[in-house]
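Worksheet for the structure shown next.
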Amino acid sequence: MASNPIRILIVGAHPADAFDQAGGTLAHHVAEGDQVSALIVTGGARSHDWQMSDRQLKADESFDLEKESDEGHGKKIDETRRACAQLGITDLHFFGLEDDEEMLTQKLVFEIAEKFRELRPHVVVTHHPYEEGGFKMHASTGRGVLYARRACQGSSRLPGKPWLVPIVYFMNPMAYVSHNSLNQGVGFRADVYVDISDVIEKKIAAMDCIESQYYAGMYARKSTEMGDGSHGNMVSTTYAEQFQRYTAQICYKLPIADFEVRLADEPREETMKRRAHMIDHMASLPEGERPEGLPYEFRRELFDP
């Protein structure tokens, strides 16, 4: 663990990408005093305002798509600010690019690189550069981050002083591997899992803000069980987010957390209770009626390597 506060930047293709795949992890960093910023590349209205899409589907020929898209863009920004605030993330940066332009451009690379020089992050979190074979805005954003990382450290045509981003993490790298045949043989793996069981209700509260995408309500809880619940189950805990490092980790000793040591002789009953805990039946209960805390002891210090 870094001995001093660090700067973290998440670079997401669409507004909800600022938190939905790594929000619990970022909430931990905020709580620890790290500076967490989010950069959102596109407005998200054309591809992810599904309420607007439904209105267009049902409308007659007078539907004003450009007007609706402009209004949807503002709504997505508001939703994202409210969602990120649930996790303690308040420093948001929006490029506002149209999200039906999915190809990587030199202009986008330089714009990301300029943000790197401005914000000078120690860690960047983004999408896997070959998600769904590389043919989507997520992947273009991930590749843009890697190109920008090279551009901003040299004497390129950019304002500001050079900056080397030491660490890049790809968030939720296994999510789209099975979606098409182009992913086969590409280096997808999850080599870091972050236990987010103590902040899972914050993440659900953030997802509840994304009404334009129908995330609010039941879907927020179902997707949490299927996604973060599945990841947690794979590493003998309740809820987790998974990441893949772009470069190898440098350590003085082999990293191992006390949580991992405890697993060696922990009673299986305790392990299975932890893996079986579900949040969806709790998250919708009114304030004052929810059970207090988790059904097992969550100790943050157990996860310090």
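All of the numbers you see were taken from the coordinates with simple rules; none came from a lab. What you are looking at is a predicted structure, and each value in this text was computed from that prediction instead of being measured.
Before moving on, here are some points about what is shown:
- Here the extension length gained between Ser155 and Asp64 equals 28.2 nm, from 0.36 nm per residue of separation less the Cα-Cα distance.
- Difference of contour (0.36 nm per residue) and Cα-Cα distance, Asn180 to Arg275: 31.2 nm
- Centroid-to-centroid separation of segment 33-60 and segment 106-130 [C-alpha atoms, Å]: 21 Å
- When the C-alpha to C-alpha distance is required to be over 21 Å, the pairs from Lys107/Lys136; Lys202/Lys222; Lys115/Lys202 that qualify are Lys115/Lys202.
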